[in-house]
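The values are calculated or read from the model by the stated rules, or taken from the named source; none is laboratory data. Values in this document were obtained by computation on a predicted structure and should not be read as measured data. Neighbour counts are summed over all protein chains in view; Cβ atoms, including those assigned to glycine, are modelled from backbone coordinates with ideal geometry. These accessible areas exclude ligands, DNA and RNA; they are computed on the full protein's heavy atoms, side chains included. Shrake-Rupley method; radii C 1.70, N 1.55, O 1.52, S 1.80 Å.
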Amino acid sequence: MILGPGYTSPNVREMRLQAAALDRVGGVDGNVSNLSVVSFPTSVDPVDSAPASSEITLTGAEHAQLEKEAKKRRGRARALERSRRATNTAQYGLSKKQQRRADRRASKGLPAKAVTVPGGARTARSDGVPEQAFRRDRLSNSYRKVRARQAEAAASAAERRRHRAGLVAREIIAAHGPNLTVEDCDIRTWYRLWGKRLSQTTPGMLIKALEVECQAAAGRLVRVSTWSTALSQHCLCGERVNKTLRDRQHKCIACGLIGKRDLVSAALAAFVRLTDMDDPKTAYLDTALSRRAQIMYGEGLEEALCESTTPSPKPVRRSGRVAVPRQQETSAHRTAARRPRATPDETRLVRDHTGKPGRRPGCDPKLTLW
């Protein structure tokens, strides 16, 4: 049991066998708010089967559960802050309201009222460094208990997200097969821009769970470079359709194809070929095959690119609580404020994991002088 692959339920084994028998190839497009999957039959025969598409989004019940957890998390964070201030009153100053009340009482000759929870800033040096490090503060027993409950809730939520990612990945390969292609994106950049949103949808966790399920069903999740393919900037007909990140609708002037940007990118990912399967830099888009599929399927493909044609993965009936050991000495998670800014365009950061395009002599600046 220790050295083996682990226990797998009979239903999951049967589902993986059925998924391995599917003669389909698909593409995956990971996004901040959803995960789009489009698959095609390998034979490219509209008589046998048709393109299928799926969009993985958060349901209303999941949104409500996340809001409830966020409210509890904010309440615990406020309780921790109040407890720290009440225990270490000498390290904090008075708030503006407390200071006005103290000045008013002093002007009337009344005795100063003791402040149990100062609401001002922490006493610091001229360079902004606190006079006393936070690790040297005195912590009450109630503070430690609330902090342990907060860490337990965070561990339970993380385990629940991993469980949901596994269920969604199984539903995807059951409908689209285990042979999928996804862009090799740097999700760390997404977290720097939309960290709060990504903590709810967890696209990286979904893609990782999908890779595990593809391998378990005798398939593979292939990663391709975004530099050599640019799936979001192309159409199935082969024309280049430039879009900013704010443009969520795909409209091609050449062929007239209209669909969702994410579904079109996922459909194009199914027609990406690699010279070396282990090297994402060798990926290129086979526009001849994508154009052939567009002509063969016609209206069926347009319908799949406008909305999901497969049943959405079943959400967990109850959120429940995952059994995690109680932790007494753990640090509390910090909360970040919402960034009031518009959605930026796609960034082109310097990175090597996805692979930059090689040197192209036709685009060499030295040749432009001749």
Query raised in the report: Of the conditions (1) farther than 29 Å from LEU236 by Cβ; (2) free of Cβ contacts under 8 Å to residues at least 12 places away in the same chain, MET15 fails just one. Which one is it?
Result: (2)
Report task. Count, please, the residues in the range 267-306 that happen to be closer than 17 Å to ASN179 by Cβ, small (Gly, Ala, Ser) and more than 27 Å from the chain's Cα centre (by Cα). Result -> 2
Query raised in the report: Is there a residue in the range 185-201 that is at pLDDT 90 or above, assigned to a helix (DSSP H, G or I) and not polar (S, T, N, Q)?
Result: no
Report task. Scan the range 208-226 for residues that are crowded, with 18+ Cβ neighbours inside 10 Å, outside any helix (DSSP H, G or I) and not hydroxyl-bearing (Ser, Thr, Tyr) and jot them down. Result -> ALA217, GLY219, LEU221, VAL222, ARG223, VAL224
Query raised in the report: How many residues does the range 92-129 contain that are more than 25 Å from ALA79 (Cβ to Cβ) and either in contact with a strand residue (DSSP E or B) (Cβ under 6 Å, 6 or more places away or on another chain) or not in a loop (DSSP other than H, G, I, E, B) (or both)?
Result: 7
Query raised in the report: Within the range 130-140, how many residues are under 15 Å from THR89 (Cβ atoms) and assigned to a loop (DSSP other than H, G, I, E, B)?
Result: 6
Query raised in the report: With respect to the numbered conditions (1) within 18 Å of TYR297 (Cβ to Cβ); (2) open to solvent by 40 Å² or more (accessible area, probe 1.4 Å); (3) in a helix (DSSP H, G or I), which one is the sole condition not fulfilled by CYS255?
Result: (3)
Query raised in the report: Restricting attention to the range 194-207, which residues are surrounded by 15 or more Cβ atoms within 10 Å (Cβ to Cβ) and of a type outside the set (Gly, Ala, Ser)?
Result: TRP194, LEU198, GLN200, THR201, THR202, PRO203, MET205, LEU206, ILE207
Query raised in the report: Just wondering, is there one or more residues in the range 18-28 that are under 19 Å from SER199 (Cβ atoms), hydrophobic (A, V, I, L, M, F, W, C) and either exposed (fewer than 14 other Cβ atoms within 10 Å of the Cβ) or at pLDDT 90 or above (or both)?
Result: no
Query raised in the report: Is it true that some residue in the range 174-184 is in a helix (DSSP H, G or I), on the phi < 0 side of the Ramachandran plot, open to solvent by 10 Å² or more (accessible area, probe 1.4 Å) and of a type outside the set (Gly, Ala, Ser)?
Result: no
Query raised in the report: Going through the range 283-297 one residue at a time, which ones are of a type outside the set (D, E, K, R) and either part of a helix (DSSP H, G or I) or open to solvent by 50 Å² or more (accessible area, probe 1.4 Å) (or both)?
Result: TYR284, THR287, ALA288, LEU289, SER290, ALA293, GLN294, ILE295, MET296, TYR297
Query raised in the report: How many residues does the range 198-231 contain that are of a type in the set (A, V, I, L, M, F, W, C) and at positive phi?
Result: 2
**Report entry** Number of the exception - ARG273 against (1) open to solvent by less than 50 Å² (accessible area, probe 1.4 Å); (2) within 29 Å of ASP186 (Cβ to Cβ)
**Finding:** (1)
Query raised in the report: So, in the range 35-91, of the ones that are hydrophobic (A, V, I, L, M, F, W, C) and assigned to a loop (DSSP other than H, G, I, E, B), which residue ends up most open to solvent (accessible area, probe 1.4 Å)?
Result: VAL47
Query raised in the report: Would you say ARG149 is closer than 22 Å to SER199 by Cα, open to solvent by 60 Å² or more (accessible area, probe 1.4 Å) and within 18 Å of the chain's Cα centre (by Cα)?
Result: no
